[in-house]
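Report on one structure; see the data block that follows.
The values are calculated or read from the model by the stated rules, or taken from the named source; none is laboratory data. Keep in mind the model is a prediction, meaning the values are calculated, not measured. Neighbour counts are summed over all protein chains in view; Cβ atoms, including those assigned to glycine, are modelled from backbone coordinates with ideal geometry. We work out accessible area using only protein heavy atoms, side chains counted, and drop any ligands, DNA or RNA first. Shrake-Rupley method; radii C 1.70, N 1.55, O 1.52, S 1.80 Å.
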Amino acid sequence: MFPKNWAAALLIACLSVATTSAQAAGKSTGFPALDTYRDYTNGSFYFCQVQVDTYLINKEIGRPAETPDCASLMRDGSVKRYKEALETLPTAEAKGALKEYQVKLLTAIDSVAPQMGERRIGYEARLQRAKTELREAWVRLELEL
């Protein structure tokens, strides 16, 4: 049986993913390929975060666990959807804003995995900064549409 703290942490992470993904998916931009890109990147980022959190929790309680490799899959999927979304945007400004978002996304993907010897609080702060930068970049994109 799992320790109580492990189950609670996983439950909180799953609820956070569901809430964030539902909020992001609820607002249409008017560009279906862009909506697909946004929903994919948001969902994949948070799913990857849950996988890493599960790995970290298992590691903390001494259970063997493989390091998740969700970042490479997410990177490949986001690049494909980025190109599709980019073709549908009407202005150079919107395309530039989407490119900025993609750059921040690729940087954020790299931040999902904890660094060697990194303390949990430092990891969480770094991940929160990455998420904030992603939200800001998306808002800039929406302003250009």
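Quick notes
- Taking amide H positions as modeled 1.01 Å from N, with prolines and chain starts lacking one, the residues under 5 Å from T29 and 5 or more places away or on another chain are D35.
- Portion, in percent, of the accessible area of the range 56-145 that falls on carbon or sulfur, probe 1.4 Å: 54 percent
- Across K80/K131; K95/K131; K59/K104, pairs whose alpha-carbon gap is larger than 27 Å: K59/K104
- From phi via Karplus (6.51, -1.76, 1.60), per-residue ³J(HN,Hα) for the range 102-118 in Hz, x at Gly/Pro: 4, 4, 5, 5, 4, 5, 5, 4, 5, 7, 5, 6, x, 8, 4, x, 6
- In the range 65-110, GluC sites (Glu not before Pro) in a DSSP loop with at most 16 other beta-carbon atoms within 10 Å: E66
- Applied to the range 132-145, the Karplus parametrisation 6.51 cos²θ - 1.76 cosθ + 1.60 on θ = phi - 60° returns per-residue 3J(HN,Hα) values of 5, 5, 5, 4, 4, 5, 5, 4, 4, 4, 4, 5, 8, 7 Hz, with x for Gly and Pro.
- Per-residue Karplus couplings for the range 39-50, computed as 6.51 cos²θ - 1.76 cosθ + 1.60 with θ equal to phi - 60°, are listed in order as 5, 5, 5, 4, x, 5, 4, 6, 5, 5, 4, 5 Hz, Gly and Pro entered as x.
- Each Cα pair under 8 Å and six or more residues apart adds its sequence gap; the mean of these over the residue count of the range 41-103 is a relative contact order of 27 percent.
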